[in-house]
Amino acid sequence: MRGRDAPSPISQERGEPSAIGESRGAVQSPPLRGRSALTSALAKLAPAALAFALLLIAWELYARLGGIAPTVLPAPSRVLTQAWENRAALADNTLPTIRATLAGFACSLLAAFILSALVDFLPRLRRAMFPLLIASQTLPLVAIAPLVVLWFGFGLLPKILLVALVTFFPMIVALVEGYAATSTEISQMLAAMGAGRWRIFWLARLPSALPYFFAGLRISITYAVVGAIFAEYAGAAKGLGIYMLSAKNNFRPDLVLAAVAVSSALTLALFGLAVLVQHFAMPWERAGRDSKVEPSEGRP
Amino acid sequence: MTRLELRDVRKNFGPLEVLADISLHVATGEFVSILGPSGAGKSTLFQLLTGAIQGEGEMRFDGAPLDGARFAFMPQRDALMPWRRVIDNATLGLEVQGMKRRAARQRVAPLFAEFGLAGFERAWPTELSGGMRQRAALLRTVVQQRDMLLLDEPFGALDALTRAAMQRWLERMWQSHRWTALLITHDVREAVLLSDRIYVLSARPARVVSEVAVPLPRPRTESAELAREAAAIEAGILDTLLAADPISRPSDGEMK
Ligand SMILES: Nc1ncnc2c1ncn2[C@@H]1O[C@H](COP(=O)(O)OP(=O)(O)OP(=O)(O)O)[C@@H](O)[C@H]1O
Ligand SMILES: [Mg+2]
């Protein structure tokens, strides 16, 4: 069949349609990878860094030249030096917060995954549960945190529960919406191939939910640290929350702010981790954005 | 020998009458097209065949009532999974049938050259051009080795040049493989180029308005004489379509 047909205007050789198809991909410029991608990412961060630095400078000048007592508004430089001097105590109180955050968030993720899958298979369960979940989001944390501590003590459990309370909802909503975003054509095709519901969930619905999952992850992970600190504030032996409380009671706003800076750094680090995990968990996202050159390397 | 036979198949979506009385048959090794205006109910017919929805009427395969997994189905949009590499998209049907991923890859890999995808096994679908995506989807469809192919407008989303190339390619592929195939299209030229027979459907509610045999030798892109004969058949079909459906004038762009 090949070769004997006379060359037509658009087809010259065997496998010829690919000559048309590939030409689009093959003429593109080399991929933006490695260093250049890094520098462009840094360049994007530059304006934010600049704004932040300007804010700090303004604050520093105001605190020094405005004649304000450091017990009211400490300058950033004082926060920094005091943080350094109290680094041992800060670190000692940061670790339990990290532990509570990660444990609570892990439980929340696991529960969200299991429940979202159940809801996907049993739509009735969804109707029963979602009103409850939404109601859970109306609870004021300030009022609930002391109660949870009262019920479950000063240990890890109340912290896990409170972190889960603030992170569970965005996660399960993200997952359930993600499953629903599965293309009906893919589901139908899988069904025609003979795949059952569980197979379709695993092969199509779960991967389709990944972008939603990571969007939810980025949001809820920023709540997680705050949730843990709230829990500690309400009662704990150690942790950034209780550290802030005692620093405030000792009229040390500089140390309160130092603890705030640590918790912000923690949140940012977790956020960055989530972005990084997404980067590696969804390599096809990058492939789509970068260029179409890579796979043609193997071609003659 | 008749493989697929539909008799008086009907389908309503609530008050919306989509398929009104469709009867057709496809013989072993035959390439049959269903030609009809947009929204006629062509994709709905495939959904009935694959069992995604239920309708009325009789559907038989090899003489027995239609059951389960007879068809390898290629949906209207390519439905490639963006999270699977091209080769793993191609093996999807085999994996669902229970084959191990490695074995499935070994089965599929040798076909990449024939489908113009050599070297792209490990690419992501987003890295392919439109034509390549359609060939990857077609590869995923044919490796399932089912009794019959159902192709829903495989080239509908392509630009004219790529579509023409793909049609010629499919024509040659069919000549060497002789799949039993049912193709949905609303491109008259495509139907005439590829089919042994064509069923022309009316606008919704769809019924068969004519059945056209295309007794031309293949490949049909070979000579000017064949092209003329094909053009005559095309013109005839176009007349039927427009006569059956006064609403769809040549100017509304759905018809070629
Ligand atoms: N699940 C459904 N529920 C209700 N109506 C539907 C459903 N699926 C299809 N329809 C309707 O049935 C009609 C036919 O749809 P179908 O997709 O079969 O058309 P088609 O012939 O494939 O069109 P096209 O050529 O544009 O793909 C449309 O009017 C559509 O709105
Ligand atoms: Mg359709």
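General remarks:
- Hey, A:Val226 part of a helix (DSSP H, G or I), open to solvent by 70 Å² or more (accessible area, probe 1.4 Å) and closer than 14 Å to A:Ile98 by Cα or not: yes
- Single condition B:Ala137 does not satisfy, out of (1) within 11 Å of another protein chain (Cβ to nearest Cβ); (2) within 16 Å of ligand 2 (Cβ to nearest atom); (3) open to solvent by 40 Å² or more (accessible area, probe 1.4 Å): (3)
- The single residue among B:Leu182, B:Leu158, B:Leu150 that is within 16 Å of ligand 1 (Cβ to nearest atom), closer than 18 Å to B:Ala27 by Cα and within 12 Å of chain A (Cβ to nearest Cβ) turns out to be B:Leu150.
- The condition (being surrounded by fewer than 22 Cβ atoms within 10 Å (Cβ to Cβ), of a type in the set (Asp, Glu), away from ligand 2 (no atom under 16 Å from the Cβ) and within 18 Å of B:Tyr199 (Cα to Cα)) is satisfied by just one residue among B:Asp21, B:Asp62: B:Asp21.
- Going through (1) within 12 Å of another protein chain (Cβ to nearest Cβ); (2) under 27 Å from A:Trp284 (Cα atoms) one by one, B:Ser176 falls short only on (2).
- Among the conditions (1) in contact with an Asp or Glu (Cβ under 7 Å, 6 or more places away or on another chain); (2) open to solvent by 10 Å² or more (accessible area, probe 1.4 Å), A:Ile200 misses just one, which is (1).
- For region B:213-256, the set of residues classified as open to solvent by 30 Å² or more (accessible area, probe 1.4 Å), among the β-branched types (Val, Ile, Thr) and at pLDDT 85 or above consists of B:Ile233 only.
- Test set (1) farther than 24 Å from B:Ile237 by Cβ; (2) modelled with pLDDT of 90 or more; (3) surrounded by fewer than 22 Cβ atoms within 10 Å (Cβ to Cβ) - B:Met148 fails condition number: (1)
- Sole residue being closer than 17 Å to B:Asp78 by Cα and touching a strand residue (DSSP E or B) at 6+ places or on another chain (Cβ under 6 Å), chosen from B:Asp152, B:Asp159: B:Asp152
- Exactly one residue among B:Thr162, B:Thr180 is at pLDDT 90 or above and either away from ligand 2 (no atom under 16 Å from the Cβ) or of a type in the set (Lys, Arg) (or both), and that residue is B:Thr180.
- Among the conditions (1) closer than 26 Å to B:Glu95 by Cα; (2) among the aliphatic types (A, V, I, L, M); (3) at pLDDT 90 or above, the only one that B:Leu170 does not satisfy is (3).
- Long-range neighbours under 6 Å by Cβ, at least six apart or interchain, first residue facing chain A (nearest Cβ under 7 Å) within region B:113-128, second among the polar types (S, T, N, Q) and open to solvent by less than 30 Å² (accessible area, probe 1.4 Å): B:Gly116/A:Ser18
- Criterion (touching a residue at least 40 places away in the same chain (Cβ under 8 Å) and more than 28 Å from A:Ala195 (Cα to Cα)) met by exactly one of B:Ser43, B:Ser23: B:Ser23
- Filtered by the rule that a residue be over 14 Å from the mean Cα position of the chain (by Cα) and either surrounded by fewer than 20 Cβ atoms within 10 Å (Cβ to Cβ) or within 14 Å of another protein chain (Cβ to nearest Cβ) (or both), region B:30-58 gives B:Ser38, B:Gly39, B:Leu48, B:Gly51, B:Ala52, B:Ile53, B:Gln54, B:Gly55, B:Glu56, B:Gly57, B:Glu58.
- Among the helices (runs of 4 or more DSSP H) confined to region B:1-97, the ones with at least 2 residues that are touching a Pro at 6+ places or on another chain (Cβ under 7 Å) and not assigned by TED's automatic domain parsing to the domain that holds B:Leu201 are located at B:86-90.
The values are calculated or read from the model by the stated rules, or taken from the named source; none is laboratory data. Since the model is a prediction, treat every value here as computed from it, not as a measurement. Quick reminder, even Gly has a Cβ in these numbers, built from the backbone with ideal geometry, and neighbours come from all protein chains shown. These area figures cover heavy atoms from the full protein model, side chains too; ligands, DNA and RNA do not enter into them. Shrake-Rupley method; radii C 1.70, N 1.55, O 1.52, S 1.80 Å.
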